[in-house]
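**Q** Quick one: the structure is below, and I'll ask about it shortly.
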Amino acid sequence: PDTVASFEFSVAVLGVPFILVLGHSACGAVNSTIKAVKDGVKFPGHIPSLVKALSPAVKDTLNEPGDLLVNATKRNVQLTVEKLRKASPILSEAVASNKLKIVGGVYELETGRIDLLS
């Protein structure tokens, strides 16, 4: 809720017209979530809340061909874009009225390249 509220403020008060959800290659958080989902690895402190948030992306891509880390990272970006586009009332209304565009991408750490997903 705090993150969505921050985006809402940016759009409603500051007039921000564009949000880029950016994942990155070799993401440790996604890799840890893969370990939690596949192997039952447990993490201390507040890390389980991050694992919980990333688990849908990992579960969605478990049986896809290719690299699970790459696939889950992309899927997490896609799910986050979808969530923000539907966040009511401010973000969803701004998207519907073409005042806001929300897109996703993955930053490749080795090359510095950003591959847009949407």
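**Q** Against the longest principal axis of the chain, how steep is helix 47-61, in degrees 0 to 90 to the nearest 10, with axes from Cα atoms?
**A** Helix 47-61 and the main axis of the chain meet at about 90 degrees.
**Q** Which option, [x] 10.7; [y] 9.7; [z] 8.2, is the value of mean projected area of the Cα convex hull in nm² that was calculated from these coordinates?
**A** [z]
**Q** If you don't mind, another one. Give the percent of DSSP beta bridges with both residues in the range 19-118 that are antiparallel, rounded to the nearest 5.
**A** Close to 35 percent.
**Q** Using the heavy atoms of the protein chains alone and a 1.4 angstrom probe, what is the accessible area of the chain per residue in square angstrom?
**A** Working: 7490 Å² over 118 residues.
On a per-residue basis, the chain sits at 63 Å².
**Q** Still on this model: Using a 1.4 Å probe over the heavy atoms of the protein chains, calculate the carbon and sulfur portion of the accessible area of the range 65-105 as a whole percent.
**A** 53 percent
**Q** Please report how many Lys pairs in the chain have alpha carbons closer than 14 angstrom, counting only residues at least 8 apart along the chain or sitting on separate chains.
**A** Working: Lys35/Lys52; Lys35/Lys59; Lys38/Lys52; Lys38/Lys59; Lys42/Lys52; Lys59/Lys74; Lys83/Lys101; Lys86/Lys101.
Final tally of qualifying lysine pairs is 8.
**Q** Counting other Cβ atoms within 10 Å, which trypsin sites (Lys or Arg not before Pro) in the range 17-118 have at most 14 and lie in a DSSP loop?
**A** Working: sites: Lys35, Lys38, Lys42, Lys52, Lys59, Lys74, Arg75, Lys83, Arg85, Lys86, Lys99, Lys101, Arg113; in loops: Lys42, Lys99, Arg113.
Counting only loop positions with at most 14 other Cβ atoms within 10 Å, the trypsin sites (Lys or Arg not before Pro) in the range 17-118 are Lys42, Lys99, Arg113.
**Q** Now, a different point. Please work out the C-alpha center-to-center distance from the range 5-35 to the range 71-108 and express it in whole Å.
**A** Here the two parts' Cα centres lie 9 Å apart.
The values are calculated or read from the model by the stated rules, or taken from the named source; none is laboratory data. Because the structure is predicted, anything quoted here is derived from the model rather than measured. In this analysis, Cβ positions are derived from the backbone assuming ideal geometry, glycine residues included, and neighbour counts consider all displayed protein chains. Note: areas computed on protein heavy atoms with side chains; ligands, DNA, RNA excluded. Shrake-Rupley method; radii C 1.70, N 1.55, O 1.52, S 1.80 Å.
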